[in-house]
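Taking it in order: structure first as structure tokens, then the write-up.
The values are calculated or read from the model by the stated rules, or taken from the named source; none is laboratory data. Since the model is a prediction, treat every value here as computed from it, not as a measurement. Here the Cβ positions follow ideal geometry from the backbone for every residue, glycine too, while neighbour counts run over all protein chains shown.
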Amino acid sequence: MTERIPRIGIGGPVGSGKSMLIERIVPILAQKGYSVSIISNDVISKEDADRMRSNLATKRGLLPENLVIGLATGGCPHTAIREDPSMNISVIEEMESQHPELDMIIIESGGDNITTTFSPLLADYFIYIVDVAGGDKYPRKGGLGIETCDLLIINKIDLAPQVGADMEIMKRDAEKIRKEKPFEFINCKTDQGVNEVVNHIIRDLLFDAKPKGTIEA
Ligand SMILES: Nc1nc2c(ncn2[C@@H]2O[C@H](COP(=O)(O)OP(=O)(O)OP(=O)(O)O)[C@@H](O)[C@H]2O)c(=O)[nH]1
Ligand SMILES: [Mg+2]
């Protein structure tokens with residue numbers, strides 16, 4: 001039996017920045033010496049996996065092309081990551097047996113609603129990402145993803161003025177609804193806040209198991 005490689009599940013509404021977050025964190029993780037594989041769930045196409053393979057593997061050589069896998073899951077996006085994660089699990093188990101040297105596997109969910117969560121059979125660490133363009137009513141509205149994830153990310157903070165989102169309200173409500181659990185504001189276009197996300201991943205998922213990188217202040 002092969003050893004389970006730590007797995008991060010990234011979920012969130014359609015277009016909130018799941019793929020772009022992955023494109024931003026993988027280079028930082030690679031630079032710190034961590035080897036990563038990406039499984040990208042899409043409902044119908046494999047477009048996001050193709051894009052990440054092109055941006056990260058082909059153009060930038062940050063990981064081998066065969067470590068970026070697209071799954072067209074069909075149906076409800078959360079079915080493939082929670083109710084019946086067998087499709088994802090079989091791809092991951094094959095990945096684990098062929099690439100035991102990997103430090104982590106990132107699983108992107110298809111864009112979904114605020115009840116999204118990952119089965120613990122599939123993911124060890126759950127990141128939920130929303131964006132300010134959804135309105136500053138999030139995170140107040142709650143939902144399983146926002147409330148229970150290990151790390152809540154509020155993305156596209158550059159767009160807050162354009163959409164009239166009050167980040168102070170979002171911060172206040174996130175603190176209230178998340179209690180002691182962490183959240184980060186980020187901008188994937190400029191990398192603002194992205195190092196903090198990587199620090200959470202290293203500290204909370206990886207550091208004890210495989211201390212390679214440093215955690216930046
Ligand atoms: N202005 C701005 N745009 C962003 C930011 N992050 C992502 N985007 C844009 O938002 C769009 C959606 O980003 P994706 O990363 O494809 O979102 P996603 O959550 O993977 O989308 P699905 O997988 O289709 O649900 C793209 O056009 C990105 O360029 C950000 O921080 N600021
Ligand atoms: Mg995507």
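Data overview
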quantity: Residue 17 under 30 Å from residue 142 (Cβ atoms), within 12 Å of ligand 1 (Cβ to nearest atom) and in contact with a strand residue (DSSP E or B) (Cβ under 9 Å, 6 or more places away or on another chain); calculated: yes
quantity: Criterion (surrounded by fewer than 20 Cβ atoms within 10 Å (Cβ to Cβ) and more than 16 Å from ligand 2 (Cβ to nearest atom)) met by exactly one of 35, 45; calculated: 35
quantity: Close pairs (9 angstrom Cβ cut-off, 6 or more residues apart or separate chains): closer than 22 Å to residue 89 by Cβ in the range 54-69, among the acidic types (Asp, Glu) anywhere; calculated: 68/50
quantity: Which listed residue, of 212, 171, 176, 189, is more than 30 Å from residue 79 (Cβ to Cβ) and at pLDDT below 95; calculated: 212
quantity: Filter result for residue 151 (surrounded by fewer than 23 Cβ atoms within 10 Å (Cβ to Cβ), farther than 21 Å from residue 48 by Cα, within 16 Å of the chain's Cα centre (by Cα) and aliphatic (A, V, I, L, M)); calculated: yes
quantity: All positions within the range 154-211 that are away from ligand 1 (no atom under 15 Å from the Cβ), under 17 Å from residue 138 (Cα atoms) and in a helix (DSSP H, G or I); calculated: 168, 169, 171, 172, 173, 174, 175, 176, 177, 178
quantity: The range 62-106, residues that are assigned to a loop (DSSP other than H, G, I, E, B), among the acidic types (Asp, Glu) and out of contact with any helix residue (DSSP H, G or I) (no Cβ under 8 Å at 6 or more places or on another chain); calculated: 83, 84, 101
quantity: Residues of the range 118-135 classified as within 16 Å of ligand 1 (Cβ to nearest atom) and outside any strand (DSSP E or B), total; calculated: 5
quantity: Residues of the range 20-58 satisfying the condition of being within 16 Å of ligand 1 (Cβ to nearest atom) and in a loop (DSSP other than H, G, I, E, B); calculated: 43, 44, 45, 46
